[in-house]
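Enquirer: So that we are looking at the same thing, I have put the structure below in structure tokens.
The values are calculated or read from the model by the stated rules, or taken from the named source; none is laboratory data. Because the structure is predicted, anything quoted here is derived from the model rather than measured. Cβ sites come from the backbone with ideal geometry, for glycine too, and all protein chains shown count toward neighbours.
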Amino acid sequence: MQTTLLGRSGVDVSMYCLGAMYFGSRNDRTTSYRMLDRYVDAGGSFIDTANIYAWWVEGCRGGESETLLGEWLRERGNRDRLFIASKVGFQYDDVTRGLSAAQIEAECDKSLRRMGIDTIDLYYAHVDDRNTPMHETMEAFDRLVRAGKVRYIGASNFMAYRLERAHTLLQAERLARLRLLAAALHLSAPQARRQLRPAVEPDRRDHRLLPRQPGDDPGVLVAAQRRLHAPGSPTAGAISRPRRRCAPVCAA
């Protein structure tokens, strides 16, 4: 499997990231293990999960994906060959939505325990929190990096202007910088890519958008979810064309 640089971190990750959202919930243990094993056998090394996965499935409370992933990591003994991403910010169980310092640090510790690992390779702010000062949020992520609990940080579901504010703050305070932006790109809303581009220009940032054309040289990788439904639509869909090669996409 081909690899790509995680921004300008110097770290190579798999071009295709395996999303573990339903591992341990909709996908039972046997199915989840088989998918993980096949992905690794194909040369994959980049696995994405989150603390909330998947509380909305009947009988689940959140944390199921990280728990199963941790069990698989221990049984396979392959932690050092993988790049693990997780997230914090959305509500689940008795945890409220938000990115306060206390919540970020507490949820990071929970994720580490569930997965049985010492460090999360990439830790996202899963959703923006406009009720918490951004300085508090970014300082909390920086402390996790300095403590060795997190290697790199990323952002998901941020508006472009909020991403710009985060970059300005991180640069001014010399805090750990964002290395990946996860953005939902809708076929019905192509302007989303254009709106994000100014906030991730290569001469101003450590990252830029995921390469779509030959010659692109990304700084920070942008993972994209492609959806066929309009924003806010109750329906969702997918296209399957076995003979068509897809552009590099990491589902977040």
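Enquirer: Being surrounded by 22 or more Cβ atoms within 10 Å (Cβ to Cβ), at pLDDT below 50, out of contact with any strand residue (DSSP E or B) (no Cβ under 6 Å at 6 or more places or on another chain) and not in a strand (DSSP E or B) is true for just one of ARG204, ARG208. Which residue is that?
Expert: Residue meeting the stated conditions: ARG208.
Enquirer: For region 153-165, state whether one or more residues are closer than 24 Å to ARG74 by Cα and touching a Leu at 6+ places or on another chain (Cβ under 9 Å).
Expert: Among the residues of region 153-165, not one is closer than 24 Å to ARG74 by Cα and touching a Leu at 6+ places or on another chain (Cβ under 9 Å), which makes the answer no.
Enquirer: How about region 9-49: which of its residues are over 18 Å from THR67 (Cα atoms) and touching a Gly at 6+ places or on another chain (Cβ under 7 Å)?
Expert: Correct list: SER14, TYR16.
Enquirer: Of everything in region 150-169, what is touching an Asp or Glu at 6+ places or on another chain (Cβ under 6 Å) and either part of a strand (DSSP E or B) or of a type in the set (Phe, Trp, Tyr) (or both)? Give them in sequence order.
Expert: ARG151, PHE158
Enquirer: Please find, among TYR33, TYR53, the residue that is in a helix (DSSP H, G or I) and aromatic (Phe, Trp, Tyr).
Expert: Only one candidate qualifies: TYR33.
Enquirer: Another question, if that's okay. Taking ARG74, is it free of Cβ contacts under 8 Å to residues at least 40 places away in the same chain and not hydrophobic (A, V, I, L, M, F, W, C)?
Expert: For ARG74, the condition - free of Cβ contacts under 8 Å to residues at least 40 places away in the same chain and not hydrophobic (A, V, I, L, M, F, W, C) - is not met.
Enquirer: Determine the pairs where a residue that is touching a residue at least 24 places away in the same chain (Cβ under 8 Å), located within region 41-60, has a partner that is among the aromatic types (Phe, Trp, Tyr) with Cβ atoms under 7 Å apart, the partner being 6 or more residues away or on another chain.
Expert: GLY44/TYR16; SER45/PHE83; PHE46/PHE83; ASN51/TYR92; ILE52/PHE90; ILE52/TYR92; ALA54/TYR22; TRP55/TYR92
Enquirer: Can you say whether ILE153 is under 19 Å from the mean Cα position of the chain (by Cα) and modelled with pLDDT of 95 or more, as far as the supplied structure shows?
Expert: It is false that ILE153 is under 19 Å from the mean Cα position of the chain (by Cα) and modelled with pLDDT of 95 or more.
Enquirer: Let me ask something else about it. Would you check if ALA182 is buried (at least 21 other Cβ atoms within 10 Å of the Cβ), under 26 Å from ALA20 (Cα atoms), at pLDDT below 95 and touching a Cys at 6+ places or on another chain (Cβ under 8 Å)?
Expert: Considered against the rule, which asks whether it is buried (at least 21 other Cβ atoms within 10 Å of the Cβ), under 26 Å from ALA20 (Cα atoms), at pLDDT below 95 and touching a Cys at 6+ places or on another chain (Cβ under 8 Å), ALA182 comes out as yes.
Enquirer: Follow-up question, since we're still on this one. Looking at SER111, is it in contact with a helix residue (DSSP H, G or I) (Cβ under 8 Å, 6 or more places away or on another chain), surrounded by 14 or more Cβ atoms within 10 Å (Cβ to Cβ) and assigned to a strand (DSSP E or B)?
Expert: Answer is no for this residue.
Enquirer: Being over 15 Å from the mean Cα position of the chain (by Cα), of a type in the set (Phe, Trp, Tyr) and surrounded by 18 or more Cβ atoms within 10 Å (Cβ to Cβ): is that true of TYR92 here?
Expert: So TYR92 fits the description; yes.
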